[in-house]
Protein chains: 2
Amino acid sequence: MSDDIRVRLADTAADVEDSLAALLPQPKVKGERLAEARLIEAMRYACEGGKRLRAFLVLETAAVFGVARDRAMRVACAIECIHAYSLIHDDLPCMDDDDLRRGRPTTHRQFDEATAVLAGDALQTHAFTLLADEATHENAFVRIALIAAIAKACGAAGMVGGQMIDIEAESAGEALSLPEITRLQRMKTGALIEVSCQAGAILGQADTAHMRMVEGYGRDFGLVFQIVDDLLDIEGDAATVGKAVGKDTEAGKATFVQMLGIDNARDRAERLTEQAIAHIRPLAGRGDVLAALARHALTRKN
Amino acid sequence: MSDDIRVRLADTAADVEDSLAALLPQPKVKGERLAEARLIEAMRYACEGGKRLRAFLVLETAAVFGVARDRAMRVACAIECIHAYSLIHDDLPCMDDDDLRRGRPTTHRQFDEATAVLAGDALQTHAFTLLADEATHENAFVRIALIAAIAKACGAAGMVGGQMIDIEAESAGEALSLPEITRLQRMKTGALIEVSCQAGAILGQADTAHMRMVEGYGRDFGLVFQIVDDLLDIEGDAATVGKAVGKDTEAGKATFVQMLGIDNARDRAERLTEQAIAHIRPLAGRGDVLAALARHALTRKN
């Protein structure tokens, strides 16, 4: 199954790449370059590449509930826009000050800081534009539910709040407790991963019991993903990972690996993977791809 | 009427201040300071003060169509969140590098750059959270229409695109043509002002003819507002205006005043004011406040 899931991830990544290229604004209209073309080029640049894990979660969770792939793809792309915006802003000199992302110069290195800030801003907006459009779902309540869930996951109580806590912990140089690190990671990376799973269930108008299953899966999976990310920061090499490694360790960032040590962190990731899979056991065969993804995430090298 | 409108603006500003304080996240929950409190404090700081012109337009346009004020207030606050986010990011060192805003230190001066970037990001998200909530309108189609219109106005085809063009024009040192400046200003500040008027009509489920009236008013009013802003940059004093003056002129920014000269720019603003008022003439008495506002905007000192 591990090879199968690799192929499936790669196929999905290619599909998402194509869909994003079609769903993002174009720098030219009728052959004429727009005055704001530079902004649009930076938005498109920042959305290129990446593993498309969040998109994959949307698409595969939606598939569990029988949602047509082309419809789920719009939501998958909206979440990838949010993810790309967060990476642009996280990489800025005033934040993590990174030069490399997805194996290429970060957006502010390729363009400039002002353009990078604006491209992130416009990508966030674009996500909501995509979600609000009736092509996403004919039922306005479904679109509203998607917008509400995704906004909650990426705002002050989710992704952006988590980034703030991370920055503060680093600059204060104070060690966080395990519950504090868990909350931070759940907000910073977990919330968007969890809502990617929720989104599939919202699109499929799943009942509460099924919603809870994929939320539980997404919550545990998000933590596994983060722990493996931290392990790769220590054990991976930059060429494979596609971004600078060792920086988090050097910066004394609050990570599970820092707190628990490598072996315990790996143990914890293994236990959380089993827990994630247990959440979706009632789905039986319909949950196979999600289960395979969780196992794959544990052994990924980038 | 000019005194009346001043009182009405001041009353609205006070109401909006109170409503925003209630509708923004709180840094403490049950007396306990959240780990991400700094982010929330920066969001709240950036939303304090201001003329609340956009909120006023939402509330007064909504009133034209008989919408209850408390309902329109949520939308007014959402648009003020968008406006505040755009000011935080525009003031950053990599953009306009401003130290003063609304008579106080800019958000990145009061906090720091990273916090300012994140506070802007989270305020944009918060606007969509407010709009998606059913307290805004019981009809999901109305909420979706608000989200779609506001996202369009503040994204790459609107506010953020306009800011990109402005930065590029400045750094290239090339003079823009009058149509280019008009497009820039319509996007950069006009789009959010226009959508503030639209929002009131959407909330009131206005028919197309009435929608066009307030859109036309908003479009012309937005340009007047910008021309007066440019004039204040030259003729105003910093203490009254509440931000640095003369900077745009010094930086050679593409403005109507630069292009037309002071007298012609003022003439143009006067003509556009009459045109704005003409759009809403069919509203008769119901349009009195909007008409008074347009006349007031022409003579404002801050």
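Under a crude label model (7 Å from the Cα following the beta-carbon direction), how far is residue B:139 from residue B:180 in nanometres?
4.3
Between residue B:205 and residue A:28, what FRET efficiency comes out of the Förster formula 1/(1 + (r/R0)^6) with R0 = 30 Å and r the beta carbon distance, rounded to 0.05?
Numbers: r = 37 Å, r/R0 = 1.23.
Once the sixth-power term is evaluated, E becomes 0.20.
Which listed residue (A:47, A:65, A:216) has the Cα farthest towards the positive end of the charge dipole for the stretch A:2-299, taking +1 on Lys and Arg C-beta and -1 on Asp and Glu C-beta about the Cα centre?
A:65
Return the Rg/Rh value of chain B, two decimal places, where both radii are evaluated on C-alpha atoms and Rh is the Kirkwood radius.
We get a ratio of 0.95 for chain B.
Taking loop as defined by DSSP and a crowding limit of 13 other beta carbons within 10 Å, which GluC sites (Glu not before Pro) in the stretch A:11-88 fit?
A:48
Could you name the residue in chain B with the C-beta closest to the rotation axis that superposes chain B on chain A, along with the separation in whole Å?
B:140, 2
Tabulate in residue order the Karplus-calculated ³J(HN,Hα) for the stretch B:162-176, using 6.51 cos²θ - 1.76 cosθ + 1.60 with θ = phi - 60°, rounded to whole Hz; enter x for Gly and Pro.
x, 5, 4, 4, 4, 5, 5, 4, 5, 6, 6, x, 9, 6, 8
Quick check on my link table: of A:152/B:51; A:152/B:188; A:30/B:253; A:51/A:301; A:51/A:152, which ones sit more than 20 Å apart, alpha carbon to alpha carbon?
A:152/B:51; A:152/B:188; A:30/B:253; A:51/A:152
For chain B, which longest stretch is free of loop sites, where a loop site is one of the trypsin sites (Lys or Arg not before Pro) that DSSP puts outside H, G, I, E and B and that has at most 11 other Cβ atoms within 10 Å?
Values: sites that count: B:30, B:301.
The longest uninterrupted stretch comes out as B:31-300.
Within 12 Å, Cβ to Cβ, of residue A:69, how many net charges do the neighbouring residues add up to if Lys/Arg are +1 and Asp/Glu are -1?
-2
If Lys and Arg each add +1 and Asp and Glu each add -1, what is the summed charge of the other residues whose beta carbon sits under 11 Å from the beta carbon of residue A:194?
Details: positive: A:54, A:152, A:186, A:219; negative: A:215, A:220.
Around residue A:194, the charge tally is +2.
Please compute the net charge surrounding residue A:115, taking Lys and Arg as +1 and Asp and Glu as -1 over other residues with Cβ under 10 Å from its Cβ.
Taking every Cβ under 10 Å from that of residue A:115, the sum is -3.
In nm to one decimal, list the spacings between the residue A:28 label point and its equivalents in the other copies, with label points set 7 Å along Cα to Cβ, shortest first.
Counterpart label points of residue A:28 in the remaining copies fall at 5.9 nm.
Hey, for residue A:172 with labels 7 Å out along Cα-Cβ, what do the inter-copy distances come to in nm, ordered shortest first?
Reported distances to equivalent positions: 4.7 nm.
Placing a label point 7 Å from Cα toward Cβ, how far apart in nm is residue A:288 from its equivalents in the other copies, listed shortest first to one decimal?
Reported distances to equivalent positions: 7.3 nm.
With a Förster radius of 25 Å, plug the Cβ-Cβ distance of residue A:100 and residue B:171 into 1/(1 + (r/R0)^6) and report the FRET value to the nearest 0.05.
Approximately 0.45, to the nearest 0.05.
Quick one: 3J(HN,Hα) in Hz for the stretch A:269-286, Karplus 6.51/-1.76/1.60 with θ = phi - 60°, rounded, Gly and Pro as x.
With coefficients 6.51, -1.76 and 1.60, one gets 4, 5, 5, 5, 5, 5, 5, 4, 5, 4, 4, 9, 4, x, 6, 6, x, 5 Hz.
Enumerate the whole-percent occupancy of each 10 Å bin, from 0 to the last occupied one, for all C-alpha pair distances of the protein assembly as shown.
Taking every Cα pair in the protein assembly as shown, the percentages come to 3, 17, 28, 26, 16, 8, 3, 0.
FYI, it's all coordinate maths here, none of it is from the lab. The model shown is predicted, which means the values in this text are computed figures rather than measured ones. Glycine gets a Cβ as well: all are built from the backbone with ideal geometry, and neighbour counts include every protein chain shown.
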